[in-house]
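J.: Quick one: structure below, then a few questions.
Since every read-out is calculated from the coordinates, none of them should be taken as a lab result. This is a predicted model, so every value here is computed, not measured. Note: ideal-geometry Cβ built from the backbone for every residue, glycine included; neighbour counts use all protein chains shown.
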Amino acid sequence: VLEEVQREWLDFAGTGMSLIELSHRSATYERVHDDALRRMRTVSEAPDDFEIVFIQGGATLQFSMVPLNLLAAETSAGYVVSGSWGRRAYTDAKAHGQAYAAWDGAKDGYTRMPWPDEVSIRDGTRYLHITTNETIEGIRMPYLPEVEVPMVADVSSDYLARRLPWDRFDLVYGGVQKNLGPAGLAVVFVRQQILDNSRSDLGSFLRYQWHAAGRSLAHTPAMFSIYVMAKVLRLIEEQGGVSGLEAASTAKAGLIYEVIDKSDGFYSSPVERAHRSHMNVVWRMPSVELEADFLAAAEKQKLIGLRGHRSIGGCRASLYAGMGMDSVETLAEFMEDFARQTTV
Ligand SMILES: Cc1ncc(COP(=O)(O)O)c(C=O)c1O
C-alpha cells in the first residue's frame, strides 16, 4: 500500500495533482470516497440498517459523541471498565450524562475481562459500552457480556480482526490508525434507527445524523486517511476479510505466547489466559533492569516499539494488520535467544 501511495503521490489518477490537493467535492475524490465506503461495507459484513460514517477526531471524540447522541435525560449508560481505554470512555461519558460502571477490572489490576455473567445492568440503561480489546493492558474480550440492552463497542485496536454479531450492537466505532490506515479518522457504524431519532440540539459536527446525511462529505473529510484505508481494505479483502485477519492475528500472537509459556517464567504474561489479546501481547521479565537490557538489545536488531505503555511498564508487542508473520518470527527468535543467553 505504501509503495502504491508513493507511485500515485504526485499525479493521482492522471490529474497531475496529489490526492491531498484535490477538492473533496471533485468527482475524482468522490470515487475514492465511495470505494472506501463500499469496501468497508463488504469487509465488515455490516447489515444495511447500519450507516457507515467517517469522522475526524479519532476514537477519543467518539467517547463524547456516543453519549451525546444516544443518552437522553432519563436514561443512563453502563460501561465495562476493562482497562485504560474503557476507563477513558467511561470518564468522558460521565461528563455528558448518567453513566455507571457495569463492571470494573481495577480489583484484578485490569488483567482480565469480565466473565459473561459478571456485568450488571441497571434499570433505564440505554446501552452497554465495551472495549473489545484493551490496547495497553493487552486483554481481549473473547465473548460478549450476557445482557439484554444494546451494546456500543470501541473496536479501535482489533478493528476488522474479529467477527461481530451485529444484531447485538447499536453502534461500533474505532480509530483506524492501528489496523486500517493513517491516523486522523474514526469509522463509526451507527444503526439507522439512532439517526432517525437523533437530537437536534447539538452542533452539526457532533451529530451522527449530519455526517450520515452528507455521506461523510458534509465538511472536508480526512481525505488522505480515507484514501489509504480504501487500499488497506482491498488488501484485507484479498487476504480473506475479517476471517483472514482474525486467523492471521491469532497465529501471530500465538507464536509470541508460545515463547512466553515455554520460557520457564523468564517471560511472564500477567493476563488471564482466555483473555489474552491477539493484537497486543504484553509480558514482564524477572526485573526492570533485565527489561531495559532486553529493549536495548532488541532495538539494536531493529526490533522497535516493544516498550510497554508508560502507565504500566514491562514489554508489549503490537501485532496489527500491517505486521507480517516474518517480523513476528524474528521477534520470537530474538526472545528465545535473549532468554537462552541471559539464563545460562
Ligand atoms: C481501544 C482504544 N480506544 C481508544 C483509543 C484512542 O484513540 P484515538 O487516539 O484515535 O483517539 C485507543 C488508542 O490507542 C485505543 O487503543
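J.: For Lys302 and Asp48 in one chain, what is 0.36 nm times their gap in residues minus the Cα-Cα distance, to one decimal in nm?
T.: On the way: separation 254, 0.36 × 254 = 91.44 nm, distance 4.45 nm.
Separation in residues times 0.36 nm, less the Cα-Cα distance, equals 87.0 nm.
J.: If you rank Trp283, Trp115, Trp85 by fewest surrounding Cβ atoms within 10 Å, what's the result?
T.: Details: Trp283 25, Trp115 14, Trp85 21.
Ranked by crowding around the Cβ, least crowded first: Trp115, Trp85, Trp283.
J.: Classify the stretch 279-323 as rounded, prolate or oblate, taking a ≥ b ≥ c as the square roots of the eigenvalues of its Cα gyration tensor: rounded when a/c is under 1.5, otherwise prolate if a/b is larger than b/c and oblate if not. Walk me through the numbers before you get to the answer.
T.: Numbers: a/c = 2.36, a/b = 1.28, b/c = 1.85.
It is oblate, given that a/c is not under 1.5 and a/b is not larger than b/c.
J.: Using Cβ counts within 10 Å as a stand-in for footprinting exposure, how do Ser318, Ser82, Ser200, Ser269 rank, fewest first?
T.: Working: Ser318 16, Ser82 28, Ser200 6, Ser269 19.
Fewest-to-most ranking of Ser318, Ser82, Ser200, Ser269: Ser200, Ser318, Ser269, Ser82.
J.: Now for a different question. Please express the Cα-Cα pair-distance distribution P(r) of the stretch 59-123 as a list of whole percents, one per 10 Å bin, running from 0 to the bin with the greatest distance.
T.: Spelled out per bin, shortest first, that is 23, 50, 26, 1.
J.: How large is the translational diffusion coefficient of the chain in µm² per second when you combine the Kirkwood radius over alpha carbon pairs with Stokes-Einstein at 10 °C and 1.306 mPa s? Kindly include the intermediate steps, with their values, before the conclusion.
T.: Values: Rh = 21.3 Å.
The estimated diffusion coefficient comes to 75 µm²/s.
J.: For each pair in Lys178/Lys302; Lys178/Lys252; Lys252/Lys302; Lys252/Lys300; Lys107/Lys252, compute the distance between the two Cα atoms and list the pairs where it is over 24 Å. Kindly include the intermediate steps, with their values, before the conclusion.
T.: Numbers: Lys178/Lys302 20 Å; Lys178/Lys252 16 Å; Lys252/Lys302 18 Å; Lys252/Lys300 22 Å; Lys107/Lys252 30 Å.
The answer is Lys107/Lys252.
J.: Taking 7 Å along the Cα-to-C-beta vector as the label spot, tell me the Gln56-Arg38 distance in nanometres, rounded to one decimal.
T.: A separation of 2.7 nm, rounded to one decimal place.
J.: Then there is this: Taking the Cα centroid of the stretch 110-144 and of the stretch 54-104, what is the distance between the two, rounded to the nearest whole Å?
T.: For the stretch 110-144 versus the stretch 54-104, the Cα centre distance is 13 Å.
J.: Considering only DSSP states other than H, G, I, E and B, which GluC sites (Glu not before Pro) in the stretch 18-127 qualify as loop sites with at most 16 other Cβ atoms within 10 Å?
T.: Numbers: sites: Glu21, Glu30, Glu45, Glu51, Glu74, Glu118; in loops: Glu45, Glu74.
Answer by residue number: Glu45, Glu74.
J.: Could you calculate the contour length gain from Ala251 to His219, that is, 0.36 nm times the residue separation minus the distance between their Cα atoms, to one decimal place in nm? Don't skip to the end; give the middle numbers.
T.: Numbers: separation 32, 0.36 × 32 = 11.52 nm, distance 4.06 nm.
So the extension gain works out to 7.5 nm.
J.: What is the order of Thr135, Thr60, fewest Cβ neighbours within 10 Å to most? Walk me through the numbers on the way to the answer.
T.: Values: Thr135 23, Thr60 15.
Neighbour counts put them in this order, fewest first: Thr60, Thr135.
J.: If you place +1 on the Cβ of every Lys and Arg, -1 on the Cβ of every Asp and Glu, and leave all else neutral, what size is the dipole of the chain about its Cα centre, to the nearest 20 Debye? Intermediate values should be presented prior to the final figure.
T.: Numbers: 35 positive and 45 negative charges, 108 e Å.
The calculation lands at about 520 debye.
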